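The values are calculated or read from the model by the stated rules, or taken from the named source; none is laboratory data. As the structure is a computational prediction, the values presented were derived from the model and not from experiment. FYI the Cβ positions are ideal-geometry reconstructions off the backbone, even for glycines, and counts take in every protein chain you see.
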Amino acid sequence: MAGSRKMPYADAIAAIEVSKQWGGGRAISWVPQGGKGFPHSHKCRVTLLINGVIQEGYFLDLYHKKSAIQGVPDKISFSLMVNGARVFALDENGPSDHMNAIGRGLAYFQKKPDHPHVHFPVAEGTEGYAEPIERSPIETLWQAFLERANIKSAPKFTYPTLPNAGQMNLL
């Protein structure tokens, strides 16, 4: 979770545990990212509601990039952001270079967890610890993320539409 803001452990746990509702409509609204890279990447930012009220500083940041290599999963990232801190996340994209610098006494302390993996706060710090989870289709990972992040009313996972695909996106 490099590059995110730190937050006290108790606050991060409370932010994950509180019941949150999807505030982004009936579908994931993917936005293409600029640049000349191939394949194209897409992002989506969604507000979250608590007790029916939009919460300032609570977002879901979603990222998807189709894999150009057969057998390598698409790159995805589902992140629960709270006041600039990435308090819970699920990442997928083949082998990982992430090294757990915190989490003394936990199973993956000072190890490189493979993808897919989940990032979550530990008492030692709210950033820098991840554990691998079972490789599954993105739709299944999406549901697992929503459940663990305590987010209700989210739509099913849908892939971004391909640029210049015309009617192929309807298939």
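All of (1) in contact (Cβ under 8 Å) with a residue 24 or more places away in the chain; (2) in contact with a Leu (Cβ under 8 Å, 6 or more places away or on another chain); (3) among the basic types (Lys, Arg) hold for Arg26 with one exception: (2). Check region 53-73 and report whether any residue there is free of Cβ contacts under 8 Å to residues at least 40 places away in the same chain, over 22 Å from Ala15 (Cβ atoms) and among the β-branched types (Val, Ile, Thr). Yes, that holds for at least one residue. Scanning region 115-149 for residues that are part of a loop (DSSP other than H, G, I, E, B) and surrounded by 15 or more Cβ atoms within 10 Å (Cβ to Cβ) yields a total of 10. On inspection, Lys112 fails the criterion of being under 12 Å from the mean Cα position of the chain (by Cα), of a type outside the set (A, V, I, L, M, F, W, C) and at pLDDT below 95. Going through (1) in contact with a Pro (Cβ under 9 Å, 6 or more places away or on another chain); (2) touching a residue at least 24 places away in the same chain (Cβ under 8 Å) one by one, Lys112 falls short only on (2).
In region 103-114, the residue that is farthest from Pro160 (Cα to Cα) out of those that are surrounded by 14 or more Cβ atoms within 10 Å (Cβ to Cβ) and among the basic types (Lys, Arg) is Lys111.
Scanning region 137-169 for residues that are polar (S, T, N, Q) and modelled with pLDDT of 95 or more yields Thr140, Gln143, Asn150, Ser153, Thr158.
Mind checking whether some residue in region 103-116 is among the aromatic types (Phe, Trp, Tyr) and within 15 Å of Ile16 (Cβ to Cβ)?
Of region 103-116, the ones among the aromatic types (Phe, Trp, Tyr) are 108-109.
Remaining after also requiring within 15 Å of Ile16 (Cβ to Cβ): none.
Checked region 103-116: no residue is among the aromatic types (Phe, Trp, Tyr) and within 15 Å of Ile16 (Cβ to Cβ).
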